[in-house]
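Accompanying notes for the structure given below.
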Amino acid sequence: MMPVVGRETNYLHVGAAGILAMGTGVLAIQRLQYFRTPSHHSYSINYVQLVLTALSVYIVLSTSHSIQKKQGLPLINQVFSWLVLGVSLMIPLLSGTGVLHRLLTIMLAYLPVYLLLSISHEGLFVVTLSYLLYFWLHLENRSSGQISQIKPKVESVDFVSPLLPEIKQQRHLQLEDVRRAFYFVFLMLTGFFGTGNIASINSFEPASVYCFMTVFSPFTMGTLMMLKNVIPFVLVTCTFRAIHITTHVPIRALFLLVLAMSDFMAMNFFFLVRDYGSWLEIGTSISHYVIVMCMIIFLMLLFGLSHGLTTFSVIPRKIHRN
């Protein structure tokens, strides 16, 4: 129901998204401390991420104010923007591999980068999407307890080595797995079209990258915009992998279900392709078909990326184990 993110800017929404994310991060850390006790090193990383989120909000507001006064992009803001980008992409590899802790670290890592590239309410959209993914993870974990005698708490499950040896045993697909695959496809499409990305790409707004550069550079600007569009996909895919871990679903069979649903959508959009009418109607119908076809290939890359983000850690396991 929100307007498409286009050429109108509202940086108060960006600031509100940052404040909401920081408040949520503090509550999430306290919840993890109650259920589980990772090392002090793991929690210090999360507090650094909260500082980076606050820094990103300040950079966005400071840069917009400076540009409105015709003073251009301050050099210190540009330096810190690229520094936040580089540090945020590496931080998830420094945390533990507990399901909730790693997902929280990934969310807090990519949110500052997303805020730096935001000009309106899309930051609030990503925060809300993170809430929805958290509830989805708990929903699937609770429902899996009804069909299995093993009921591991999501707070005690690890991405690398599950808590119980029985969880490693693969099972056959069940009807509930179709629901999980459907939710995954639905959330992937929601992450892409939730802020009107098609319209925002076609009417590219240079203000989205003002925190990083003000000089026109098509390749760098395009890369930053693609990174912005990929971040919701990464959050959804990592949560989907967490659901696979907590419910011990065979990931290959579940992935084939997702591909089958994507093929059915591609067939539907293929018959909706138009060769008459306005150029906008023709281009939109073709774009929908191409996007769904590309999503089938893109999902394979995302699954590989989510596996690395959730399982790989550069710190020894003895440090972040209980």
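The values are calculated or read from the model by the stated rules, or taken from the named source; none is laboratory data. What you see is a predicted model, and the numbers here were worked out from it, not measured in a lab. All Cβ positions, glycine included, derive from the backbone under ideal geometry; neighbour counts span all protein chains shown.
Observations on the structure shown:
- The criterion of being over 29 Å from His244 (Cα atoms) and at pLDDT 90 or above does not hold for Val26.
- Top-ranked residue of segment 229-265 - restricted to ones that are aromatic (Phe, Trp, Tyr) and over 30 Å from Leu116 (Cα atoms), ranked as modelled with the highest pLDDT: Phe264
- Residue in segment 266-284 that is of a type in the set (S, T, N, Q), farther than 16 Å from Ala181 by Cβ, in a helix (DSSP H, G or I) and modelled with pLDDT under 85 present: yes
- Which numbered condition Phe212 fails, given (1) at pLDDT 85 or above; (2) in a helix (DSSP H, G or I); (3) surrounded by 14 or more Cβ atoms within 10 Å (Cβ to Cβ): (2)
- Total residues in segment 113-129 satisfying the condition of being in contact with a Pro (Cβ under 9 Å, 6 or more places away or on another chain) and either closer than 16 Å to Glu8 by Cβ or of a type in the set (D, E, K, R) (or both): the figure is 3.
- In segment 164-200, residue modelled with the lowest pLDDT [restricted to those that are part of a helix (DSSP H, G or I) and among the basic types (Lys, Arg)]: Lys168
- Filter pass, Thr214 being more than 14 Å from Glu122 (Cβ to Cβ) and hydroxyl-bearing (Ser, Thr, Tyr): yes
- Residue in segment 300-307 that is out of contact with any Gly (no Cβ under 7 Å at 6 or more places or on another chain), small (Gly, Ala, Ser), assigned to a helix (DSSP H, G or I) and surrounded by 15 or more Cβ atoms within 10 Å (Cβ to Cβ) present: yes
- Residue match in segment 215-225 (condition: at pLDDT below 80, in contact with a helix residue (DSSP H, G or I) (Cβ under 8 Å, 6 or more places away or on another chain) and within 24 Å of Arg7 (Cα to Cα)): no
Rundown of residues vs (1) of a type in the set (S, T, N, Q); (2) crowded, with 22+ Cβ neighbours inside 10 Å, yes/no style:
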residue	(1), (2)
Asn77	yes, no
Trp82	no, no
Leu93	no, no
Val113	no, yes
Leu116	no, yes
Leu132	no, no
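- Any chance Ala260 is touching a Leu at 6+ places or on another chain (Cβ under 9 Å), surrounded by fewer than 17 Cβ atoms within 10 Å (Cβ to Cβ) and aliphatic (A, V, I, L, M): no
- Hey, Ser64 out of contact with any strand residue (DSSP E or B) (no Cβ under 9 Å at 6 or more places or on another chain), among the hydroxyl-bearing types (Ser, Thr, Tyr) and more than 20 Å from Thr9 (Cα to Cα) or not: no
- Residues within segment 36-60 that are modelled with pLDDT under 90 and either surrounded by fewer than 13 Cβ atoms within 10 Å (Cβ to Cβ) or touching a Pro at 6+ places or on another chain (Cβ under 8 Å) (or both), tallied: 3
- Scanning segment 153-163 for residues that are within 27 Å of Phe233 (Cβ to Cβ) and at pLDDT 55 or above gives Val154, Glu155, Val157, Asp158, Phe159, Val160, Ser161.
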